[in-house]
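Take a look at the structure below.
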Amino acid sequence: MHNPTNTLKNNSLEVLYVEDNPKERELTSAILKKFFEKVTVAKDGEDGYSKVMESRFDLIITDIDMPKLNGIDMIKKIRDVNKDITIIIISAYTDTEYFLKSIKYNIYSYILKPIDREEFSITIQNAIEEVERKKQKRKELFILKQYKNIIDKSTIISKTDINGVITYVNDAFCEISGYSREELIGKKHNIIRAKSESSETFKKLWETIKDKKETWEGILKNKTKNNGLYYVKATIKPILDENGEIEEFIALRSLISDIIHPKKQLLDFLKLADEYVIVLIKIEHFDYIQSSLGKEKTEELEKEFAQEIFKSQSSKKNFDKIYLLDNGEFAFAKKLKDCEKSISDIIQYIKNFRNNINNGKIHIESINHNLSILVSFAYGKNAFEDAKAGIKQLIKIKQDFIIANGLREKEQIEAIKQIEKFNLLREAIDSYNIVSYFQPIVNNKTKKIDKYESLVRLVDSNDKVLSPALFLDSAKQGKYYSQITSIVLKNSFEALYSTQMIISINLSVLDIMQTKTQEEFFGLLRQHESQAHRIIIELTEDENIKDTKVVKEFIEEVRKYNVQIAIDDFGVGLSNFSRILQYQPDYIKIDGSLIRNIDKDRLAKNMVETIVDFAKKANIKTVAEFVENEKIFDILCDLGVDYSQGYYFGKAELLPK
């Protein structure tokens, strides 16, 4: 026998089964649970109705003959509150009366007892498909309603009968025309027709929609109740009945004088202006909104938001157009010579405008929170490019307003510098001019070199040796960083054979997160396993990396090779005591900012003393960086610091071969 339970078991329908007979209830509910994950059981009609009132069900399966409230009466009560839910009756009754009532209450199916399994399976399968169809229909209606709301808010809509008499207008129509519904309905459309509009236009319009029964599209000039003018892009369509006869006309209009203009029109406008002011607006966190809503919904949101922000400032008459750009960006623009207010007044106005929006004065119904904006203002000949650079700067500095004049030039200068650094990095890597220098680390008790820290250097085309501060941040923005790390690792392991000292290697969390870098590092450990015990890894942090799990796993693996762990730059920035708990290091390297002025700064001295006391209790060795004179060294020795590193003992240099 065909058994569809495997295909049905995973469906997500909520099912209510109502049966007063305990034995029947147990037997049939067991069968139902083979078909459905979620089956709720009710012991009689009254219990069943109560559960329907408390929960949402997709399908109800019920007996008829039950105490307190029989199945038919229960269904009647359910239909009073839910006319759409799918209901199946399982009963031994075959009376015509029950079948008639079943039809009356829109029962989906009637299954006779005793239950035939194959018939039952087919009925349930069909019922599931019916429920899914209803769900899809409800979803489509819900989406359609949202579309209607959006269109109703963003579009000027009217309907007329076949003689052109207005039968319906929406709020947008009343708002733009200045007429009330009562003044419009029952009148012909010439109530808003501008006198200067060509009669030939309307002749062609009526020929298209009435004689040809086709859609007309074009630009119309309308007048308001107060004789003001506005331009609309109109689409007028005849609505036909099943016989192809015209029932009515519907007209959709969008303002082209002051609502939505594409990017090209903005650029065309800017070409005509010698100098202009521009306000560039970006929806904050737009990428997340787009990912959440999808492209189509996001485009609708942008149009709706454009209208709202235009309306929020249009009464001030500073700008008469808003341009919808890409990726959640909008612009107001105006020729500088046409501005009635001073630049300082415009700036103050724009700040107030930004505050109103960011303080929740605009709410878009299609999302469940208020939108906030970033605002970049610029004026002059190249203001658009400056404003775009301003948006980038706002995102970088996490602010929401900027006067962006001159930023594009600064951006270009910075871009040129970055390109020069990228070229420098590429040339250095290609010519093997990424090298490792080694700075001694001294044992404070013996005053002898005990370790070396491996430090990367770049040798430029003029044989000038550059410190990492001049190129490493740029390397992190491209592909060169991992290549530099690879070179440093190889240089550091090779150095093990040039000295008997321990070699300390810097690895950032960013390095460790790179699978390729990890693989290369473990490959070097295996290759030089006999010397691996002379390696220390100095862990440096990266504020963009929050996941410490990978780092912990990495530390566990390298310890198997007797590699030791140090925490670098301890005491400032991201480096704190929580990292000690996470990584359980062998060494703490106290940051140079605490050491450099320890002879003059009592607070710095106290902090170092606290770190040293803690480290001794935790059996962790301490290393002081930036030890530059004897006085600082003596203080560190008095405090009990174990190792020192700095110019007092030696700069970073190449190890002798």
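The values are calculated or read from the model by the stated rules, or taken from the named source; none is laboratory data. Bear in mind the structure is a predicted one, so any value in this text is a computation, not a measurement. For neighbour counting, all protein chains shown are included, and Cβ atoms are generated from backbone atoms with ideal geometry for every residue, glycine included.
Taking only pairs six or more apart or across chains, which ones have beta-carbon atoms under 7 Å, a first residue in the stretch 402-422 that is under 21 Å from Asp460 (Cα atoms), and a second residue that is outside any helix (DSSP H, G or I) and at pLDDT below 80?
Listed by first residue and then by second, the contacts come to Phe422/Gly478.
Are there any pairs, at least 6 apart or on different chains, whose C-beta atoms fall under 7 Å, with the first in the stretch 112-123 and under 13 Å from Ile61 (Cβ atoms) and the second loosely packed, with under 14 Cβ neighbours inside 10 Å, and if so, which?
Every condition considered, the pairs that remain are Lys113/Ala92.
Would you point out which residue out of Ala428, Ala387 is closer than 20 Å to Asn352 by Cα and surrounded by 11 or more Cβ atoms within 10 Å (Cβ to Cβ)?
Details: Ala428 fails: closer than 20 Å to Asn352 by Cα.
Ala387 is the lone residue from the list that is closer than 20 Å to Asn352 by Cα and surrounded by 11 or more Cβ atoms within 10 Å (Cβ to Cβ).
Determine which member of the set Lys445, Lys396 is closer than 30 Å to Glu625 by Cα and basic (Lys, Arg).
Lys445
Considering only the stretch 498-511, I want to know if a residue exists there that is loosely packed, with under 15 Cβ neighbours inside 10 Å and modelled with pLDDT under 95.
Yes, that holds for at least one residue.
May I ask you to list the residues in the stretch 368-389 that are assigned to a helix (DSSP H, G or I) and within 19 Å of Phe269 (Cβ to Cβ)? Step through it out loud before you land on a result.
Let us first name the residues in the stretch 368-389 that are assigned to a helix (DSSP H, G or I), namely 383-389.
Matches in the stretch 368-389: Ala383, Phe384, Glu385, Asp386, Ala387, Lys388.
Listed here are the residues, each with its yes/no results for (1) under 53 Å from the mean Cα position of the chain (by Cα); (2) modelled with pLDDT of 85 or more.
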{"position": "Lys83", "(1), (2)": "yes, yes"}
{"position": "Ile88", "(1), (2)": "yes, yes"}
{"position": "Ser91", "(1), (2)": "no, no"}
{"position": "Lys113", "(1), (2)": "no, no"}
{"position": "Arg117", "(1), (2)": "yes, no"}
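Can you confirm whether Glu411 is assigned to a helix (DSSP H, G or I) and either crowded, with 20+ Cβ neighbours inside 10 Å or modelled with pLDDT under 90 (or both)?
For Glu411, the condition - assigned to a helix (DSSP H, G or I) and either crowded, with 20+ Cβ neighbours inside 10 Å or modelled with pLDDT under 90 (or both) - is met.
Could you go through the stretch 514-533 and let me know if any residue there is touching a residue at least 12 places away in the same chain (Cβ under 8 Å) and closer than 25 Å to Leu594 by Cβ.
No - not one qualifying residue is present in the stretch 514-533.
Just one of the numbered conditions (1) closer than 21 Å to Glu130 by Cα; (2) in contact with a strand residue (DSSP E or B) (Cβ under 9 Å, 6 or more places away or on another chain) is not true of Gly48; which one?
In the conditions (1) closer than 21 Å to Glu130 by Cα; (2) in contact with a strand residue (DSSP E or B) (Cβ under 9 Å, 6 or more places away or on another chain), Gly48 misses (1) alone.
So which of Lys295, Lys271, Lys282 ends up being under 22 Å from Ala404 (Cα atoms), basic (Lys, Arg) and without any contact (Cβ under 8 Å) to a residue 60 or more places away in the chain?
Result of the check over Lys295, Lys271, Lys282: Lys271.
Out of the residues in the stretch 274-286 that are farther than 16 Å from Phe305 by Cα and surrounded by fewer than 18 Cβ atoms within 10 Å (Cβ to Cβ), which is modelled with the lowest pLDDT?
First pass over the stretch 274-286, keeping only residues farther than 16 Å from Phe305 by Cα: 274-278.
Subsequent filtering for residues that are surrounded by fewer than 18 Cβ atoms within 10 Å (Cβ to Cβ) retains 274-275.
On the way: Asp274: 80, Glu275: 86.
Among them, the one singled out is Asp274.
Would you pick out the residues in the stretch 26-41 that are part of a helix (DSSP H, G or I) and hydroxyl-bearing (Ser, Thr, Tyr)?
Thr28, Ser29
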